[in-house]
Structure formats: structure tokens, C-alpha cells
Amino acid sequence: PITLGELLCLGSSLAFSGLFYYLYRKKARVVARIQEAPKLQVDDDLPALVSAADGRCLPYVALEGIVLPAKAALTSHYHEGLQGVIQKLLVKEHRLIWNSLARSW
């Protein structure tokens, strides 16, 4: 005979397995889209291509080209001849509104 505890463990194990499989498949689809991304060269045609795209946005593209540092390239302390640059990031924060009912932002 199967006890109630064993049924509970089996049910929770199946539920967690289903949840993790769903998350795995979701991430696998994203990875497949990234791997199938078109490779574009950084050249004079790129701004025209972006402005012609829907919403002026190109989802999942790989840009290839030469990167020039703004001031000076960073050199590695551990490998001779290895240089790199820092990518500029733009972070846009959305305005927070206090919800007095939920007492949260």
C-alpha cells in the first residue's frame, strides 16, 4: 500500500519536474533564436537598416566589426598583448510610484 506521504512526494516531484522542463524549453527557444540571429557588419549601411526596421529595433542580431576605444584601450595584467574596451551602457529607470494600499513602490 502507498501512504499519503509517498503520494505527496511523488506529486510534488512531478510538479517540480514539469516546472523545470517548462523553464528549460523556454530558455532553449531563446537560445535557438540567438543562435539563428543574423550577423551584420558595422558599416555605413547599419543606420539605414535600423531606421527601416519595424519599430526602429533589430531583435537578436550579432554585430561584427572593429571597436575603437574612446580614450585608451585597457591592457591585461595577466596576458601580454591582450587589450579590451568597456562598453557604454545606458540604463533607463522607470519612475516609481508609491502604492499606499499595498505599501510598496
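Quick notes
Here is a yes/no grid of residues against (1) open to solvent by 90 Å² or more (accessible area, probe 1.4 Å); (2) over 27 Å from residue 84 (Cα atoms); (3) of a type outside the set (Asp, Glu); (4) under 18 Å from the mean Cα position of the chain (by Cα):
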site: 10; (1), (2), (3), (4): yes, yes, yes, no
site: 16; (1), (2), (3), (4): yes, yes, yes, no
site: 27; (1), (2), (3), (4): yes, yes, yes, yes
site: 32; (1), (2), (3), (4): no, yes, yes, yes
site: 37; (1), (2), (3), (4): no, no, yes, yes
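- Test: residue in the stretch 41-49 that is over 15 Å from the mean Cα position of the chain (by Cα) and open to solvent by less than 70 Å² (accessible area, probe 1.4 Å): yes
- Residue count for the stretch 8-56 under the criterion of being assigned to a helix (DSSP H, G or I) and among the charged types (D, E, K, R): the result is 7.
- Any hit, the stretch 60-75, residues being touching a Leu at 6+ places or on another chain (Cβ under 8 Å), β-branched (Val, Ile, Thr) and without any contact (Cβ under 8 Å) to a residue 60 or more places away in the chain: yes
- Candidates 4, 58, 63, 23 - the one that is surrounded by 10 or more Cβ atoms within 10 Å (Cβ to Cβ), of a type outside the set (Val, Ile, Thr) and modelled with pLDDT of 85 or more: 23
The values are calculated or read from the model by the stated rules, or taken from the named source; none is laboratory data. No experiment lies behind these values; they were computed from the predicted model shown. Neighbour counts are summed over all protein chains in view; Cβ atoms, including those assigned to glycine, are modelled from backbone coordinates with ideal geometry. SASA here: full protein model, heavy atoms, side chains in, ligands and nucleic acids out. Shrake-Rupley method; radii C 1.70, N 1.55, O 1.52, S 1.80 Å.
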